[in-house]
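Below you'll find the structure, written out as structure tokens, and then a few comments.
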Amino acid sequence: MDAYCPHLGAHLGVMGRVVDGCIECPFHGWRFDSSNGVCKHVPYAAKVPEFVTLKKWQTEELLGHVFLWFHADGEEPSWKLEDVPQITNGEWKMFRRYEEKLTCHIRDLAENESDLTHFRYFHGPNLFVSKEEFSKNAGDTKWGRFLTHIWTPKWYTEDHKCNVDIDADILVLGRCPAFLRNRTYLRLHGPGLLMVRLECKFGVQVTVVSVTPEGPFQVRVVHRIHFEPNTTWLFRSISTKGYVNSFERDMLFWNHKAMQTKPPWQKDDRTVIEFRKWYSQFFSASSPTWRDMRDRTYEW
């Protein structure tokens, strides 16, 4: 349901409560039926204004999240999210929750997986090089070259999904032992839910990444990192460290980039061009823009 009471705008999530199947506003005690949003009770009114309603939104509980469907034109859901039953039913426990706030457009994070050439330059050097060190020398040190990564990605789309299948091999001094050959699958569902699945000799890791815009060029990213049962604590710790370092490496780019609407495209940028066409399906002529948000902001 909408967060704000239609009476005088109190936030129902702050001190509001559920009473007899209704959401009760903490400010004046108005109650709204949780099944349809209709006002059912005003403690000081002789007649209940049933014409006053709270908008009800379609939601789904999945993957440890509550997802809400939003369409600028009010259209019904046209696609569904995919489940990972082992996560939803709690069989695979969350090892770590990791959150960051970024100053970029929500599309930038999604576009990252279609930018295949950046894997080589940004993620080739040792992923265990910290963000601070990488920002100084881009991993061009003895430690950065001791472990390197070879990424062989295949990118493709399916309706509301954008996918990358990656052979991700770890090289030690230029050679890849068989036990360091990995397979990574990226699955972007719609504009803001990414699932990252790593399969290797030591086990399976699945990370659920939710990307939520909180304002113009303000994005909240939450990672929930899960592992299949019986994986060792050492593997979980090392794999999580590499994953977080990889994300923080991209943050160096996202937090300082400019929005280029007409880049000088090159042949190897084909997948980025195709991605932008695919991503545009999640917007309509009624979708709010940055200018809309700016114009609605008070200037004193």
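Quick one: helix 270-279 against the long Cα principal axis of the chain, what's the angle to the nearest 10°, folded into 0 to 90?
Relative to the chain, helix 270-279 is tipped by roughly 10 degrees.
Full-extension gain between residue 268 and residue 59, please, as 0.36 nm times their residue separation minus the C-alpha to C-alpha distance.
71.3 nm
Under a Cβ-Cβ cut-off of 15 Å, what is the net charge of the residues other than residue 133 that fall near it, where Lys and Arg count +1 and Asp and Glu count -1?
Counting the neighbours of residue 133, the net charge comes to +3.
Going by average Cβ density within 10 Å per residue, which order do the peptides 200-208, 69-77 take, highest to lowest?
In decreasing order of mean packing, 200-208, 69-77 become 200-208, 69-77.
Going by amide H atoms built from the backbone, whose H comes under 5 Å of the H on residue 96, apart from near neighbours?
Those qualifying (amide H under 5 Å, at least 5 residues apart or on another chain) are 225.
Can you list the aspartates and glutamates whose alpha carbon is less than 15 Å from that of residue 131, not counting same-chain residues fewer than 8 positions off?
Reachable aspartates and glutamates: 100, 140, 248, 250.
If I build a Gaussian network model for the chain, linking alpha-carbon pairs within less than 10 angstrom, which residue out of 222, 66, 129 has the largest mean-square fluctuation?
Between 222, 66, 129, it is 66 that shows the largest mean-square fluctuation.
Here is the link list: 201/277; 154/201; 136/241. Which ones come out longer than 31 Å on Cα distance?
201/277
Using Cα atoms only, what is the angle between the long axis of helix 233-254 and the major principal axis of the chain, expressed in degrees (0 to 90) to the nearest 10?
Value to nearest ten degrees: 80.
Among rounded, prolate and oblate, which fits the chain when a ≥ b ≥ c are the square roots of the eigenvalues of its C-alpha gyration tensor, a/c under 1.5 means rounded, and a/b larger than b/c means prolate?
Here the chain falls in the prolate category.
If you rank 214, 111 by fewest surrounding Cβ atoms within 10 Å, what's the result?
So the residues, fewest neighbours to most, are 214, 111.
Read-outs: derived from the displayed coordinates by stated rules, not from any lab. Bear in mind the structure is a predicted one, so any value in this text is a computation, not a measurement. All Cβ positions, glycine included, derive from the backbone under ideal geometry; neighbour counts span all protein chains shown.
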